[in-house]
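> Below is the structure I would like to discuss, written out as structure tokens.
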Ligand SMILES: [Zn+2]
Ligand SMILES: [Zn+2]
């Protein structure tokens, strides 16, 4: 009896984590951010090659004089982005001039004044951790010890509520990226068990008409899930949230559009048919989520 030759299953091709054929990535850092060295044309070329139709360049700006992107030259940045937009438009890639602003409630008036006098196409407000933050690697274990989860997240979540209530931003970036700093002292699963901790942030977004970002950088960091998770995106919709954005938060070429398919899937599963965007003063638009995500 001859033994039947078993044909091995063909190797599963490694999933390409960098998305193709999507209309929009709204969170990208270039060499205009201290923590990125990517020339803007690298993203332009990748977008043309991969079929990502529209990009928001959202380099950092900080208002704390001790931080790395303290009030950079607006005109110089805008000139770089607009020139790149002109170069890439003929290749079918639209590039918008955005920013990711580090929100600090104690500097809200200064931030408001800056945004009043500088016309960006699209504005992300994010709560970032400072060197003095309780989530800093040197002190996070001590911060978590003996505190309830509500107490643990309060410094970040309360500040995020204030960012949303300020009404200054098109969207709030990486809502719960403290998952990254809390791990492994607090896991994403533990946070998922107390979704009520997110309600004040989501309600503030809904009340102020501010967008929620699905940020995919968490997929390549220790939490291994988006900021925030699919369940929180769905809850945002339930509460009346209608403005959702999706960004890869790339700081390197290999992160461009990384995990963005997953963000679009999460958006569609949460009941969204379009993503929110702004292309300059007064130009709020909805960008349709491709049919392939909507088909159940
Ligand atoms: Zn950020
Ligand atoms: Zn960012």
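All of the numbers you see were taken from the coordinates with simple rules; none came from a lab. Because the structure is predicted, anything quoted here is derived from the model rather than measured. Cβ atoms come from the backbone with ideal geometry, glycine included; neighbour counts cover every protein chain shown.
> Taking 8 Å as the Cα distance limit and 6 or more residues as the minimum spacing, I'd like the relative contact order of the chain as a percentage.
Numbers: 548 pairs, mean separation 55.3, N = 296.
Across the chain, relative contact order equals 19 percent.
> Continuing with the same structure: By counting other Cβ atoms within 10 Å of each Cβ, how are 217, 68 ranked from fewest to most? Intermediate values should be presented prior to the final figure.
Values: 217 22, 68 12.
Going from least to most buried by this count: 68, 217.
> If I build a Gaussian network model for the chain, linking alpha-carbon pairs within less than 10 angstrom, which residue out of 89, 267, 189 has the largest mean-square fluctuation?
189
> Could you work out [θ]222 nm for the chain from helices alone, using -39500 (n - 2.57) per DSSP H run of at least four and dividing by all its residues? Round to the nearest 500 deg cm²/dmol. Please list the in-between numbers first.
Numbers: 11 runs with 101 residues, N = 296.
Taken over the chain, the calculation gives -9500 deg cm²/dmol.
> Still on this structure: Classify the range 141-296 as rounded, prolate or oblate, taking a ≥ b ≥ c as the square roots of the eigenvalues of its Cα gyration tensor: rounded when a/c is under 1.5, otherwise prolate if a/b is larger than b/c and oblate if not.
Numbers: a/c = 1.72, a/b = 1.36, b/c = 1.26.
Prolate.
> Another question about this same structure. Could you line up 106, 71 from fewest to most neighbouring Cβ atoms inside 10 Å?
Ordered by Cβ neighbours within 10 Å, fewest first: 106, 71.
> Rounded, prolate or oblate: which fits the chain when a ≥ b ≥ c are the square roots of the eigenvalues of the alpha-carbon gyration tensor, with rounded for a/c under 1.5 and prolate only if a/b beats b/c?
Details: a/c = 1.57, a/b = 1.13, b/c = 1.39.
Taking the square roots of the gyration eigenvalues as a ≥ b ≥ c, the chain is oblate.
> Taking springs between alpha-carbon atoms closer than 10 angstrom, which of 98, 280, 146 fluctuates most in the Gaussian network model of the chain?
In the Gaussian network model the winner is 146.
> If a/c stays under 1.5 just call it rounded; otherwise compare a/b with b/c (prolate if a/b is bigger, oblate if not). Do that for the range 28-118, with a ≥ b ≥ c from the square roots of the Cα gyration tensor eigenvalues.
Taking the square roots of the gyration eigenvalues as a ≥ b ≥ c, the range 28-118 is prolate.
> Between the range 122-148 and the range 204-256, how far is it from one alpha carbon centroid to the other, in angstrom?
19 Å
> I would also like to ask the following. How much of the DSSP bridge set in the chain is antiparallel, in percent, rounded to the nearest 5?
Details: 7 of 31 bridges.
The answer is about 25 percent antiparallel.
> Rounded to the nearest 0.05, what FRET efficiency do residue 130 and residue 254 give with R0 = 30 Å and r taken as the Cβ-Cβ distance? Could you check? Can you show the working numbers first?
Numbers: r = 28 Å, r/R0 = 0.93.
Efficiency, rounded to the nearest 0.05: 0.60.
> Take the chain, connect every pair of alpha-carbon atoms lying under 10 Å apart with a spring to form a Gaussian network, then pick out the residue of 36, 229, 254 with the largest mean-square fluctuation.
So, out of 36, 229, 254, the one fluctuating most is 254.
> Another question, then. Separation of the range 174-202 and the range 258-292 by C-alpha centroid, Å?
23 Å
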